[in-house]
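Notes to accompany the following structure.
The values are calculated or read from the model by the stated rules, or taken from the named source; none is laboratory data. Everything numeric here is computed off the predicted structure, so don't read it as measured data. Neighbour counts run over all protein chains shown; Cβ positions are idealised from the backbone, glycine included.
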Amino acid sequence: MIRARTLMIVLIVVGLLFLALAYPGVIFFSKDPGVPMLMSIYVTLGVFLMLASRNPAGNRSLILFAGWANVAHAAVMAAQEYTHVIKPQEWMGVVGFGIIGIALIALAPPRKGSSLEP
(Lines give C-alpha, C1' and ligand atoms only; values in the text may rest on other atoms or scores of the structure.)
Protein backbone atom coordinates (compact mmCIF):
# COMPACT_ATOMS: atom_id res chain seq x y z
CA MET A 1 0.00 0.00 0.00
CA ILE A 2 2.79 2.41 0.91
CA ARG A 3 4.72 1.48 -2.25
CA ALA A 4 1.68 2.11 -4.46
CA ARG A 5 0.98 5.48 -2.80
CA THR A 6 4.65 6.46 -3.10
CA LEU A 7 4.64 5.53 -6.78
CA MET A 8 1.56 7.66 -7.41
CA ILE A 9 3.21 10.63 -5.70
CA VAL A 10 6.47 10.13 -7.61
CA LEU A 11 4.60 9.94 -10.93
CA ILE A 12 2.80 13.20 -10.26
CA VAL A 13 5.90 15.01 -8.97
CA VAL A 14 8.09 13.85 -11.88
CA GLY A 15 5.35 14.69 -14.36
CA LEU A 16 4.98 18.20 -12.96
CA LEU A 17 8.76 18.62 -12.82
CA PHE A 18 9.11 17.71 -16.51
CA LEU A 19 6.36 20.17 -17.37
CA ALA A 20 7.72 22.95 -15.16
CA LEU A 21 11.34 22.69 -16.32
CA ALA A 22 10.50 22.66 -20.02
CA TYR A 23 9.76 26.34 -20.49
CA PRO A 24 12.76 27.87 -18.68
CA GLY A 25 15.07 25.18 -20.00
CA VAL A 26 14.16 25.95 -23.58
CA ILE A 27 13.66 29.70 -23.48
CA PHE A 28 16.29 30.97 -21.06
CA PHE A 29 19.13 28.48 -20.97
CA SER A 30 19.53 27.04 -24.42
CA LYS A 31 21.15 28.24 -27.59
CA ASP A 32 21.25 24.66 -28.89
CA PRO A 33 18.30 23.77 -31.16
CA GLY A 34 18.39 20.15 -29.96
CA VAL A 35 17.28 21.07 -26.44
CA PRO A 36 13.74 22.16 -27.40
CA MET A 37 13.32 18.92 -29.33
CA LEU A 38 14.40 16.84 -26.33
CA MET A 39 12.28 18.89 -23.96
CA SER A 40 9.20 18.31 -26.12
CA ILE A 41 9.63 14.60 -25.44
CA TYR A 42 10.00 15.21 -21.70
CA VAL A 43 6.90 17.43 -21.61
CA THR A 44 4.90 14.70 -23.33
CA LEU A 45 6.33 12.07 -21.00
CA GLY A 46 5.43 14.27 -18.01
CA VAL A 47 1.80 14.46 -19.10
CA PHE A 48 1.59 10.69 -19.55
CA LEU A 49 3.30 9.98 -16.23
CA MET A 50 0.71 12.11 -14.48
CA LEU A 51 -2.06 10.22 -16.31
CA ALA A 52 -0.39 6.93 -15.33
CA SER A 53 -0.69 7.89 -11.65
CA ARG A 54 -4.43 7.06 -11.91
CA ASN A 55 -3.70 3.41 -12.70
CA PRO A 56 -0.01 2.56 -12.22
CA ALA A 57 -0.51 -1.20 -12.62
CA GLY A 58 -2.10 -0.65 -16.00
CA ASN A 59 0.75 1.57 -17.10
CA ARG A 60 3.69 -0.56 -15.95
CA SER A 61 5.41 -0.48 -19.35
CA LEU A 62 5.23 3.33 -19.52
CA ILE A 63 6.64 3.65 -16.00
CA LEU A 64 9.51 1.27 -16.77
CA PHE A 65 10.19 3.03 -20.07
CA ALA A 66 10.36 6.39 -18.28
CA GLY A 67 12.68 4.92 -15.65
CA TRP A 68 15.09 3.29 -18.10
CA ALA A 69 15.01 6.31 -20.44
CA ASN A 70 16.09 8.55 -17.56
CA VAL A 71 18.85 6.14 -16.53
CA ALA A 72 20.05 6.07 -20.16
CA HIS A 73 19.91 9.87 -20.35
CA ALA A 74 21.95 10.13 -17.14
CA ALA A 75 24.51 7.64 -18.49
CA VAL A 76 24.92 9.55 -21.75
CA MET A 77 25.27 12.84 -19.87
CA ALA A 78 27.86 11.28 -17.53
CA ALA A 79 29.90 10.05 -20.52
CA GLN A 80 29.63 13.46 -22.17
CA GLU A 81 30.74 15.20 -19.01
CA TYR A 82 33.65 12.79 -18.60
CA THR A 83 34.80 13.52 -22.18
CA HIS A 84 34.20 17.26 -21.72
CA VAL A 85 31.48 17.44 -24.37
CA ILE A 86 29.18 19.23 -21.91
CA LYS A 87 29.93 21.69 -19.12
CA PRO A 88 31.05 20.30 -15.75
CA GLN A 89 28.13 22.08 -14.06
CA GLU A 90 25.72 19.67 -15.75
CA TRP A 91 26.57 16.91 -13.26
CA MET A 92 23.38 17.92 -11.43
CA GLY A 93 21.43 16.72 -14.47
CA VAL A 94 23.26 13.40 -14.32
CA VAL A 95 22.29 12.97 -10.68
CA GLY A 96 18.72 14.21 -11.18
CA PHE A 97 17.92 12.03 -14.18
CA GLY A 98 19.60 9.07 -12.47
CA ILE A 99 17.56 9.45 -9.29
CA ILE A 100 14.31 9.82 -11.22
CA GLY A 101 15.10 6.76 -13.32
CA ILE A 102 16.07 4.56 -10.40
CA ALA A 103 13.01 5.65 -8.39
CA LEU A 104 10.64 4.83 -11.25
CA ILE A 105 12.25 1.44 -11.86
CA ALA A 106 12.30 0.53 -8.16
CA LEU A 107 8.68 1.57 -7.59
CA ALA A 108 7.24 0.13 -10.82
CA PRO A 109 4.28 -2.15 -10.20
CA PRO A 110 5.11 -5.86 -10.20
CA ARG A 111 4.31 -7.97 -13.23
CA LYS A 112 0.89 -9.61 -13.05
CA GLY A 113 1.19 -13.07 -11.55
CA SER A 114 4.47 -12.14 -9.82
CA SER A 115 5.12 -13.52 -6.36
CA LEU A 116 5.68 -9.91 -5.23
CA GLU A 117 2.05 -9.04 -5.92
CA PRO A 118 0.00 -8.61 -2.70
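So is residue 95 more than 19 Å from residue 16 (Cα to Cα) and either touching a helix residue (DSSP H, G or I) at 6+ places or on another chain (Cβ under 9 Å) or part of a helix (DSSP H, G or I) (or both) or not?
Answer is no for this residue.
Condition check ((1) at pLDDT 90 or above; (2) farther than 29 Å from residue 87 by Cα; (3) loosely packed, with under 15 Cβ neighbours inside 10 Å; (4) not small (Gly, Ala, Ser)) across all residues:
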position	(1), (2), (3), (4)
5	yes, yes, yes, yes
12	yes, yes, no, yes
15	yes, no, no, no
18	yes, no, no, yes
26	no, no, no, yes
34	no, no, yes, no
45	yes, no, no, yes
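Taking first residues from region 93-109 that are buried (at least 17 other Cβ atoms within 10 Å of the Cβ) and partners that are part of a helix (DSSP H, G or I) and acidic (Asp, Glu), the Cβ contacts under 8 Å between residues at least 6 apart in sequence or on separate chains come to 94/81. Among the conditions (1) over 18 Å from residue 93 (Cα atoms); (2) in contact with a helix residue (DSSP H, G or I) (Cβ under 6 Å, 6 or more places away or on another chain), residue 18 misses just one, which is (1).
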